[in-house]
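All of the numbers you see were taken from the coordinates with simple rules; none came from a lab. Values in this document were obtained by computation on a predicted structure and should not be read as measured data. Every residue, glycine among them, receives a Cβ derived from its backbone with ideal geometry; neighbour counts consider all protein chains shown.
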């Protein structure tokens with residue numbers, strides 16, 4: 001089990017070959033990207049300034065807190081949570097916010113790491129700024145991509161087991177978070193129970209899961225209830241934007257988008273080009289507008305047509321600007337922000353000082369500076385979430401045996417396997433072939449002038465022979481290594497075991513494996529252990545041996 005932060009090993013995010021260059025530079029070379037962000041997320045002085053501006057932001061704290069009090073009471077939030085909701089009414093209080101789509105059973109591990117970083121950061125900012133700082137989790141249930149959130153993955157005997165929730169859902173079901181869980185969720189939980197090995201901690205883990213994920217419960221409610229129960233007593237405030245009261249508060253922002261739909265898209269795309277000119281990627285592409293139309297039968301992007309009307313994409317339904325404005329006045333809950341407008345809605349509602357972001361979010365926040373200016377909002381500091389690999393003892397033994405680290409593993413295993421095989425061979429293949437190749441070059445160098453004395457045109461023939469011999473030598477070397485690799489089935493099997501645990505499905509562990517696998521094996525206390533162990537210095541990847 002992890003004990004202290006001093007026990008955490010680290011490696012640069014660049015070494016993992018799993019993150020975009022923009023994110024890597026944000027974590028390790030902030031000055032290179034500083035002009036795309038609100039400030040250096042590591043500097044205490046910057047934090048104090050941002051917190052002061054966040055506190056002064058004109059937020060309707062009373063109406064917002066009333067809505068959050070009701071939401072968190074419905075999710076059985078405890079006294080610490082309600083105390084934090086009440087603290088948001090104070091004009092000196094600020095928030096550290098994170099958010100995530102409502103993935104099945106909380107989704108991959110990164111949801112847990114986001115939450116831990118948010119809780120840690122709230123404590124840290126409170127100490128550094130002298131303010132009350134409330135941790136807030138934005139429950140993103142308005143997306144319409146059911147497939148994206150409808151499966152969880154756990155490990156069993158060094159294999160990845162998928163647990164899909166196979167409900168009968170139409171292609172565009174509207175806000176997936178609203179969907180009530182069907183009886184098929186019981187099948188998912190039964191398969192989870194069968195997949196997780198028996199342990200002293202399994203009854204408690206399954207009790208948490210079954211209490212949250214019940215037929216008839218909305219997906220967003222199940223997600224929030226399970227996550228809340230895993231962080232019981234931490235004071236985490238959950239926020240569901242799919243609430244008429246919060247949409248009413250956001251009406252001025254949505255109105256601004258309808259009045260001027262082209263400017264935000266133009267500004268995002270101009271910044272995107274500036275990023276590309278700098279050699280970075282653009283995470284999102286913008287088009288007018290940044291709103292969806294939300295109804296029980298679907299969630300549709302609202303596009304601006306050439307004639308000035310608005311069209312619901314993939315349909316023949318159109319609105320004039322005045323018609324949409326009337327609908328916004330009467331039914332603000334029908335409108336849903338896209339990936340660009342969502343953080344602006346968040347910071348319109350909350351006194352957000354910092355947002356805890358994953359790599360993709362860090363990347364897209366680089367594109368939004370001019371849109372925040374357009375909206376008249378101050379940008380929060382963007383703090384990268386903890387990026388973590390959990391290394392079980394069985395995996396650490398493999399790493400130790402072959403003198404390897406987590407960061408040596410890539411999406412594909414073949415290159416690492418070959419390196420290990422070459423290192424463990426009795427014969428130094430590289431050395432003997434290098435020696436043979438050197439001798440070959442010496443022989444041809446001596447031969448070349450002799451044959452050219454006979455016929456000058458034979459010099460090119462000598463070089464052609466040299467190229468052919470070098471190619472054949474390399475082919476022979478690779479065949480030698482392949483033959484040796486066939487004799488190392490045990491090496492491959494052990495490296496594959498480590499690969500499945502560290503890079504399941506070729507991705508980072510944190511992007512695939514669900515936390516329940518580890519809680520079942522190491523107890524629910526693992527959450528608290530990680531909270532105490534992981535660092536808010538998230539500039540590097542953290543490696544925790546269990």
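General observations
- Maximal additional length on extending the residue 453-residue 82 stretch stands at 124.1 nm, based on 0.36 nm per residue less the C-alpha distance.
- Inter-site label distance for residue 9 and residue 460 at 7 Å from Cα along Cβ, in nm: 5.5 nm
- Our helix-only sum for the chain, with -39,500 (n - 2.57) per DSSP H run of n ≥ 4 divided by its residues, gives a mean residue ellipticity at 222 nm of -15500 deg cm²/dmol.
- Protection-proxy order for peptides 460-473, 107-120, 191-204, each taking the mean of Cβ atoms within 10 Å per residue, highest first: 107-120, 191-204, 460-473
- For 442, 401, order by how many other beta-carbon atoms lie within 10 Å, fewest first: 442, 401
- Taking the fewest neighbouring Cβ atoms within 10 Å as the starting point, the ordered list for 27, 407 is 407, 27.
- In the chain, the longest principal axis of the Cα atoms and the axis of helix 414-424 are about 50 degrees apart.
- A crude spin-label estimate for the pair residue 430 and residue 446, with each label 7 Å from Cα along the Cβ direction, gives 2.8 nm.
- Projection of the Cα convex hull of the stretch 69-152, averaged over all directions and equal to a quarter of that hull's surface, yields 6.2 nm².
- Ellipsoid semi-axes for the stretch 207-317, based on the Cα gyration tensor and the rule √(5λ), read 35, 21, 15 Å when sorted largest first.
- Among the listed values [x] 91, 65, 51; [y] 85, 58, 46; [z] 96, 62, 51, the one computed from these coordinates for Cα extents along the principal axes in Å is [z].
- Among 419, 490, sorting on how many other beta-carbon atoms sit within 10 Å of each Cβ, with the fewest leading, yields 490, 419.
- A straight chain from residue 244 to residue 128 at 0.36 nm per residue would run longer than the Cα-Cα distance by 38.2 nm.
- q = 0.09, 0.10, 0.19, 0.21 Å⁻¹: log10 I(q)/I(0) that the Debye formula gives for the stretch 322-473, counting C-alpha atoms only: -0.68, -0.72, -1.15, -1.25
- Volume per residue that the Cα convex hull of the stretch 271-391 spans, once the total is divided by residue count, Å³: 175 Å³
- Angle in degrees between helix 61-74 and the longest Cα principal axis of the chain, rounded to the nearest 10: 70 degrees
- Pairwise centroid distance, computed over Cα atoms, of the stretch 128-178 with the stretch 48-62, Å: 30 Å
- Normalised radius of gyration (Cα atoms, divided by 2.2 N^0.38 Å) for the stretch 213-266: 1.67.
- The mean sequence separation of alpha-carbon pairs under 8 Å and at least six residues apart, normalised by the residue count of the chain, gives a relative contact order of 25 percent.
- Between the Cα long axis of helix 219-230 and the first principal axis of the chain there is an angle of about 80°, rounded to the nearest 10.
- Between residue 48 and residue 148, the contour length at 0.36 nm per residue exceeds the alpha carbon distance by 32.2 nm.
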